[in-house]
Amino acid sequence: MNRIDDLFSKKDGLLSIYFTAGYPAIDDTVQVLRALEKAGVDFVEIGMPFSDPLADGPVIQRASLDALHNGMCIKKLMEQLDGIRSSVSMPIILMGYINPVFHYGMEKFLDDCQSRGVDALILPDLPWDEYVAHYKAMMDRRGIRFIPLIAPQISDERIRHIDRDAEGFIYMVASAGITGSIKTSVDYRTRYFERVKSLGLRNKRMIGFGVKDKAGFVHACAHASGAIIGTAFVNYIKENGVSDEAVARFVKSIRG
């Protein structure tokens with residue numbers, strides 16, 4: 001069983017943390033991974049830096065640019081993740097954009113993900129129907145999930161269409177904006193969360209974009225299987241570093 005499927009079958013109230021590979025320093029990737037697992041995070045999203053990250057807010061954009069200036073790229077990330085399963089057991093998701101993946105080579109990228117124990121991918125600019133038509137079989141053969149994103153303006157019909165072919169979980173974007181932004185009211189987001197919940201989808205749901213603290217985490221957990229926090233953590237490690245102790249303090253501030 002894919003680690004994500006196994007995790008979601010066992011518990012709710014999940015906490016996922018996003019961070020950018022190669023940030024703050026190029027060799028911090030594995031340290032952050034290990035520190036997050038030690039702190040009790042359920043799974044992680046590792047951002048693959050890209051020069052034009054359209055879905056990301058200014059904090060993650062800056063982190064991506066800094067990581068690129070540090071020398072981070074997909075090839076370097078795969079080198080860092082080689083052998084990672086000897087020390088990290090939680091699910092690992094890679095999140096990024098399709099152009100660097102195409103440049104690396106889709107088949108090679110998926111092979112490298114499989115050999116390093118990557119469980120899923122999030123590629124916001126790969127259209128869902130294109131994924132189903134051209135890449136789903138490739139990922140299925142390797143046991144890699146492709147996580148779809150849905151936003152508040154999406155129709156019930158479209159959500160059900162995505163749910164039919166999705167595996168792993170559905171990523172609910174809490175705000176119709178970029179990462180780190182909260183452009184909608186709590187009431188509006190709650191109505192959206194409840195609408196999606198009422199559809200009785202076959203896939204579990206995680207909530208992200210704009211979840212930044214314990215209150216946001218608790219609110220998300222009341223309407224889905226858990227929450228994904230990115231911008232707040234990327235900001236935090238810039239100021240506090242990536243030691244086990246620093247990372248543990250951040251996770252404790254969310255979970256209490």
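Numbers for the structure displayed
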read-out: Of the criteria (1) in contact with a Lys or Arg (Cβ under 7 Å, 6 or more places away or on another chain); (2) part of a strand (DSSP E or B); (3) not basic (Lys, Arg), which one residue 206 fails; value: (1)
read-out: Every residue from the stretch 220-235 that is assigned to a helix (DSSP H, G or I) and either touching a helix residue (DSSP H, G or I) at 6+ places or on another chain (Cβ under 6 Å) or crowded, with 19+ Cβ neighbours inside 10 Å (or both); value: 220, 231, 232, 233, 234, 235
read-out: Pair list, Cβ under 6 Å, 6 or more apart: the stretch 141-161 residue modelled with pLDDT of 95 or more, other residue open to solvent by 50 Å² or more (accessible area, probe 1.4 Å) and in a helix (DSSP H, G or I); value: 142/114
read-out: The listed residue being in contact (Cβ under 8 Å) with a residue 24 or more places away in the chain, in a helix (DSSP H, G or I) and open to solvent by 30 Å² or more (accessible area, probe 1.4 Å), out of 212, 238; value: 238
read-out: Pick from the stretch 162-189, criterion open to solvent by 50 Å² or more (accessible area, probe 1.4 Å) and closer than 26 Å to residue 101 by Cβ, ranking: modelled with the lowest pLDDT; value: 178
read-out: Residues of the stretch 143-168 satisfying the condition of being part of a helix (DSSP H, G or I), of a type in the set (A, V, I, L, M) and within 30 Å of residue 112 (Cβ to Cβ); value: 162
read-out: Hey, residue 98 hydrophobic (A, V, I, L, M, F, W, C), in contact with a strand residue (DSSP E or B) (Cβ under 8 Å, 6 or more places away or on another chain) and either touching a residue at least 12 places away in the same chain (Cβ under 8 Å) or farther than 25 Å from residue 7 by Cβ (or both) or not; value: no
read-out: Matching residues, the stretch 185-212, being farther than 16 Å from residue 59 by Cα and under 19 Å from the mean Cα position of the chain (by Cα); value: 193, 203, 204, 205, 206, 207
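The values are calculated or read from the model by the stated rules, or taken from the named source; none is laboratory data. Quick caveat: nothing in here was measured; it's all calculated off a predicted structure. Methodologically, a virtual Cβ is constructed for each residue, glycine included, from the backbone with ideal geometry; neighbour enumeration extends over all protein chains shown. The accessibility values were calculated without ligands, DNA or RNA, using every heavy atom of the protein model including side chains. Shrake-Rupley method; radii C 1.70, N 1.55, O 1.52, S 1.80 Å.
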